[in-house]
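The next block holds one structure in the form of structure tokens; read it before the comments.
The values are calculated or read from the model by the stated rules, or taken from the named source; none is laboratory data. Keep in mind that what you see is a predicted model, and the values were worked out from it rather than measured. Here Cβ is always computed from backbone atoms with ideal geometry, including for glycine, and neighbour counts include all displayed protein chains.
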């Protein structure tokens, strides 16, 4: 069996995961990171993206869990990894209709005259919606340049 560490993933409104893990993969602003047991202690910013972690299952089999996360921080210590994000949801919990509506809204906002800040917010909203749709299956049905 692989070495495990304690992983706790917290969002503003919920505890997403609290238990043993074998690995954690996440996006930081300077690239992708993987954390294994006995990782060097570090604190870093987490970028919006897909977080995947492997947990020990029954009969020694590994289970891969996935979360679509917002911005946050990860604190890696010698015996624990604490992830604090503003939001995280499992792919099966994504409301596709809501994500599709958010994508349409963001695409429409990008067509409008906006300040630089509004433009960047619209791009971020569109990227978030596309990520949520891609992780929940069939990401871009009916979307594209028309």
Item to check | Conditions (1) out of contact with any helix residue (DSSP H, G or I) (no Cβ under 6 Å at 6 or more places or on another chain); (2) touching a residue at least 24 places away in the same chain (Cβ under 8 Å); (3) surrounded by fewer than 17 Cβ atoms within 10 Å (Cβ to Cβ): number failed by residue 57 | outcome: (2)
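Can residue 15 be described as farther than 24 Å from residue 134 by Cα and out of contact with any strand residue (DSSP E or B) (no Cβ under 7 Å at 6 or more places or on another chain)?
On the way: farther than 24 Å from residue 134 by Cα: no; out of contact with any strand residue (DSSP E or B) (no Cβ under 7 Å at 6 or more places or on another chain): yes.
Judged against the criteria, residue 15 is not a match.
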Item to check | Selection count where residues are touching a residue at least 24 places away in the same chain (Cβ under 8 Å) and not in a strand (DSSP E or B), scope segment 74-97 | outcome: 10
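Filter segment 1-27 down to the residues that are part of a strand (DSSP E or B) and free of Cβ contacts under 8 Å to residues at least 40 places away in the same chain, then identify the one that is nearest to residue 73 (Cα to Cα).
Step one: of segment 1-27, the residues part of a strand (DSSP E or B) are 5-10, 15-21, 23-27.
Filter again for free of Cβ contacts under 8 Å to residues at least 40 places away in the same chain, leaving 15, 18-20, 23, 25, 27.
Details: 15: 15, 18: 16, 19: 18, 20: 19, 23: 17, 25: 13, 27: 11 Å.
Among them, the one singled out is 27.
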Item to check | segment 19-34 - residue that is over 15 Å from residue 66 (Cβ atoms) and surrounded by 11 or more Cβ atoms within 10 Å (Cβ to Cβ) and, of those, nearest to the chain's Cα centre (by Cα) | outcome: 28
Next on the checklist: Residues that are assigned to a loop (DSSP other than H, G, I, E, B), in the same structural domain as residue 38 (by TED's automatic domain parsing) and free of Cβ contacts under 8 Å to residues at least 40 places away in the same chain: does segment 99-117 have at least one?
Outcome noted: no
Item to check | Identity of the residue in segment 36-51, in contact (Cβ under 8 Å) with a residue 40 or more places away in the chain and over 15 Å from the mean Cα position of the chain (by Cα), that ends up nearest to residue 73 (Cα to Cα) | outcome: 39
Checklist entry - When segment 52-71 is examined, which residues are found to be at pLDDT 95 or above and within 17 Å of residue 14 (Cβ to Cβ)? => result 53
